[in-house]
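To start, the structure itself, in structure tokens.
The values are calculated or read from the model by the stated rules, or taken from the named source; none is laboratory data. What you see is a predicted model, and the numbers here were worked out from it, not measured in a lab. Virtual Cβ from ideal backbone geometry, glycine too; neighbours counted across all protein chains shown.
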Amino acid sequence: MLRTRPSITELAFLVCGVLIVLVGWVADFLGLFEIASQPTGHGSSTTFPLRLFMTMFGVAFSTIGVGFENFPQILLGGDRAKRFIVALLFLADGSLHLYAFNDHIGDPFSAAFFAFFSAVQLAAAFVIPYTKYRLESLWLAITVFLILAYIVTRTMAIWPIGFVEEVEPLGIVSKLVELVTVLVLVSLLQSDRASRRQPMPVASPSDR
């Protein structure tokens, strides 16, 4: 049976995973005010490994609680496992967008864009595995939009940015995460459609 809320163990590990991500983000944000550590452009070769490590550490820590509480169910139910994977991918991508916010702090529009979507993705990580509503299409639309926005802003100057954004390691990793998210969500949608097409069992005369 699908649970509509996380267990205490799941919630504790998920919250702690998010806190790990936030600690890394706050440290990175405060580093912007140190003259010696201010990057030229989007991040730097010295900050990217730490950003990636803190993101992976936070996601991995959250995975511990999910695996501990749901390992048998995940093995038996493919769709349930996919929803947990999508939630963890949203957590990872939202974390990367927090760092993108730092890189665009001087551009109000871009900073607001990344702040909004990082908040949405981090919040969605708590919702995706447990909601009783089928929101896979919404999560897919958000992810595809982020991929398209990246492609457009790296190939042409659009309003209100006004220039072509540079291709940076953080963005590449984020798009790889989003591509995997799209694949998992498409698989979930296909499974959902297949289950709806299955005919309802007809009661035999002896059961009436």
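Run down 191, 118 and say which single residue is among the hydroxyl-bearing types (Ser, Thr, Tyr) and modelled with pLDDT of 95 or more.
Just one listed residue meets the conditions, 118.
Under 21 Å from the mean Cα position of the chain (by Cα), modelled with pLDDT under 95 and β-branched (Val, Ile, Thr): is that true of residue 161 in this structure?
no
Kindly list the number of the only condition in (1) in contact (Cβ under 8 Å) with a residue 60 or more places away in the chain; (2) not in a helix (DSSP H, G or I) that fails for residue 99.
So residue 99 meets the others, but not (2).
Restricting to region 105-126, count the residues that are surrounded by fewer than 19 Cβ atoms within 10 Å (Cβ to Cβ) and without any contact (Cβ under 8 Å) to a residue 40 or more places away in the chain.
Summing the residues that are surrounded by fewer than 19 Cβ atoms within 10 Å (Cβ to Cβ) and without any contact (Cβ under 8 Å) to a residue 40 or more places away in the chain in region 105-126 gives 9.
Which one of the conditions (1) among the charged types (D, E, K, R); (2) touching a helix residue (DSSP H, G or I) at 6+ places or on another chain (Cβ under 9 Å); (3) farther than 25 Å from residue 56 by Cα does residue 175 fail to meet, given that it meets all the rest?
All conditions are met except number (3).
Quick check on region 129-151. Is at least one of its residues modelled with pLDDT of 85 or more and of a type in the set (D, E, K, R)?
Checked against the condition, which is being modelled with pLDDT of 85 or more and of a type in the set (D, E, K, R), region 129-151 yields at least one hit.
Does residue 81 satisfy being of a type outside the set (Asp, Glu) and at pLDDT 90 or above?
Judged against the criteria, residue 81 is not a match.
Quick one: residue 159 ticks every box in (1) loosely packed, with under 14 Cβ neighbours inside 10 Å; (2) assigned to a helix (DSSP H, G or I) bar one, so which box is it?
(2)
How many residues are within 30 Å of residue 50 (Cβ to Cβ) and not hydroxyl-bearing (Ser, Thr, Tyr) if we restrict to region 155-193?
Residues flagged as within 30 Å of residue 50 (Cβ to Cβ) and not hydroxyl-bearing (Ser, Thr, Tyr) within region 155-193 amount to 22.
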